[in-house]
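Working notes, beginning with the structure itself.
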Amino acid sequence: MMKKTIETVSKTIDECDKNENNDVDLDQALNVAGLGWYNIRYSLALAMFLISAIIEPVGYSFLLPAAKCDLEITDSQRGFIGSVPYIGIVLTSFPWGFLVDTRGRKKMVVYSSFAAGIFGILAAFMPDLISFTIFKFLSSLCIACPAAVPYSFIGELLPQRYRDITLSIVNAMQISGSAMVPLLAWAILPLDFRVDFGLYEFRPWRLLAMIYSSVFLLSATMMSFGPESPKFLVSQGRHDDSLQVLKNIYSGNTGKPGDYYPVKRLKLPVQAQLEKPSFVQSLVQQTVPLVKPPYLKWMVLSGTLLFGIFATLNGLYMWLPDVLNRVLTGSGVGMTACEVIAQRLNETNVNAECDDSIASTTFMINTIANFSCAFIALGISSTVKFLGKKTLLLLVYVTIGLFCILINVVTQDILFAILLSSLPLTGLALGPINAYAVEIYPTNLRGMAIGLSMMVGRIGSIVGTNVAGVLINVACEATFYLFGGALIFCGALSLLLPKSKTKPDEKKNFVVTHL
């Protein structure tokens, strides 16, 4: 495989040398720059943004149960506060998508992550529920950018033939972010310390909130030294800047000076050669095409598929530690999870004393399950090249959907824990859907398209979090039937996705695109 790749790149370089004075398509130029430590390093840095965007909102699943006594949080309030990150993402996906496509991928993702981290850390010092929620909401207004942009950014730093597999592997790494949530909680929440700040006591859950948010700061710092997307630079008519980025990629991958890079001129897209539009014109140009044929149907389809993913991955999953804690600390033998939950509710009504403790078994099972899901996801992702994006989507939707339904019938605690803890695997579907977006939408619309489709998906997070919070207590079985059925329905819809538009030329292995 490596020998074939080297021969392919050599042929491409020879072709570029023969046509040195000709403009070269950017995808062909990326093919010449190749795949190596340079673009892999910054793909990993971008993956950190996705991990931070998972850790912060998923962390609510441990923070809120641990803080419910200090902040006096009711179950209904917990459902709303748990959906705050996703409300912020929905409200800001549109403007962040616009800024990313007009001001730059790197600048926006770095600035937004710094802001998200700072507001999140400040929230940990707030004395009451209202002030805590306000600062968490301010943080959530900045999460939409690091939660979506890295998908397109990574695809724009790599040769096209490596994008599908790389995005799928990065997506599996994102699932590892979910694994860090219970691991960090396990290390910090059992600590027994109290620092009197006057208005409140600083307890372990506040330290945990700071650590969860600090991952944003780490990600932004790492990417501050990274390159801008060459595709964004080309789309803005910045030919020399884009060529310099490609030279840096080539030099970083091969160890040769950038001047050895054989591509001397890039082909600018038509829109980059025209006069720059005004703010309003640019906004219309980026938005209107997405709500008209031929892109409208793909926006609706991808939005629906993402809605199903996030309703489960962020909505139902937010209640996973609480449900596990209730079932595993219950006394029901030979009972289903929902029967144990109903029993615990009756006991709670009798004893009104506030209890914010979380059993060590809950931490352990969550940690093991999430790391197992991450390794499983990594293994499955490495096969996407052979399975295909559509097959992987169908497999994920149907399998997790069936697992949700089976939760209602199993009576063994271990089997219940395995089925419930498999929910993070739903995140495997994010990579293929966004890989389709990289193929379907042109560069100047891609950031907006992914941002808007992810916005629709995040509405699923809001709906899922609140619906699960209500139904778990009043109609437990219906909860798992509803979410399981929705995932299976999304699996059927995934069959409507188009065939891949990537058609490599066998002779030169140049990438033919419709971007």
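The values are calculated or read from the model by the stated rules, or taken from the named source; none is laboratory data. Values in this document were obtained by computation on a predicted structure and should not be read as measured data. In this analysis, Cβ positions are derived from the backbone assuming ideal geometry, glycine residues included, and neighbour counts consider all displayed protein chains.
Computed quantities for the displayed model
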{"read-out": "Test: residue in region 151-171 that is under 27 Å from D322 (Cβ atoms), assigned to a strand (DSSP E or B), of a type outside the set (G, A, S) and modelled with pLDDT under 90", "value": "no"}
{"read-out": "When residues of region 446-466 are limited to those that are at pLDDT 80 or above and within 25 Å of L158 (Cα to Cα), the one nearest to the chain's Cα centre (by Cα)", "value": "S453"}
{"read-out": "Pair list, Cβ under 7 Å, 6 or more apart: region 322-346 residue over 18 Å from F480 (Cα atoms), other residue at pLDDT 85 or above and part of a loop (DSSP other than H, G, I, E, B)", "value": "G334/T411"}
{"read-out": "Matching entry among D70, D101 (being of a type in the set (D, E) and touching an Asp or Glu at 6+ places or on another chain (Cβ under 9 Å))", "value": "D70"}
{"read-out": "So F371, is it more than 17 Å from the chain's Cα centre (by Cα) and surrounded by fewer than 24 Cβ atoms within 10 Å (Cβ to Cβ)", "value": "no"}
{"read-out": "Test: A144 is more than 27 Å from G379 (Cα to Cα), in contact with a Gly (Cβ under 9 Å, 6 or more places away or on another chain) and touching a residue at least 12 places away in the same chain (Cβ under 8 Å)", "value": "yes"}
{"read-out": "Residues being part of a helix (DSSP H, G or I), at pLDDT 85 or above and not aliphatic (A, V, I, L, M) - total across region 96-126", "value": "12"}
{"read-out": "Residue among S112, S83 that alone is surrounded by 21 or more Cβ atoms within 10 Å (Cβ to Cβ), closer than 24 Å to S43 by Cα and touching a residue at least 24 places away in the same chain (Cβ under 8 Å)", "value": "S112"}
{"read-out": "Selection from region 210-262 of residues that are surrounded by 17 or more Cβ atoms within 10 Å (Cβ to Cβ), without any contact (Cβ under 8 Å) to a residue 40 or more places away in the chain and under 25 Å from V58 (Cβ atoms)", "value": "I211"}
{"read-out": "Helices (runs of 4 or more DSSP H) (entirely within region 1-86) containing at least 1 residues that are modelled with pLDDT of 85 or more and over 30 Å from K247 (Cα atoms)", "value": "37-58, 60-67, 75-82"}
{"read-out": "So G464, is it buried (at least 23 other Cβ atoms within 10 Å of the Cβ), in contact with a Gly (Cβ under 9 Å, 6 or more places away or on another chain) and either not acidic (D, E) or not in a helix (DSSP H, G or I) (or both)", "value": "yes"}
{"read-out": "Leading residue by the ranking (surrounded by the most Cβ atoms within 10 Å (Cβ to Cβ)) among those in region 387-416 that are of a type in the set (V, I, T) and assigned to a loop (DSSP other than H, G, I, E, B)", "value": "I407"}
{"read-out": "Helices (runs of 4 or more DSSP H) (entirely within region 278-355) containing at least 3 residues that are crowded, with 18+ Cβ neighbours inside 10 Å, over 33 Å from the mean Cα position of the chain (by Cα) and modelled with pLDDT of 85 or more", "value": "none"}
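Table: residues versus (1) more than 22 Å from A67 (Cα to Cα); (2) touching a His at 6+ places or on another chain (Cβ under 8 Å); (3) of a type in the set (A, V, I, L, M, F, W, C).
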site: D101; (1), (2), (3): yes, no, no
site: G104; (1), (2), (3): yes, no, no
site: M108; (1), (2), (3): yes, no, yes
site: G117; (1), (2), (3): no, no, no
site: A123; (1), (2), (3): no, no, yes
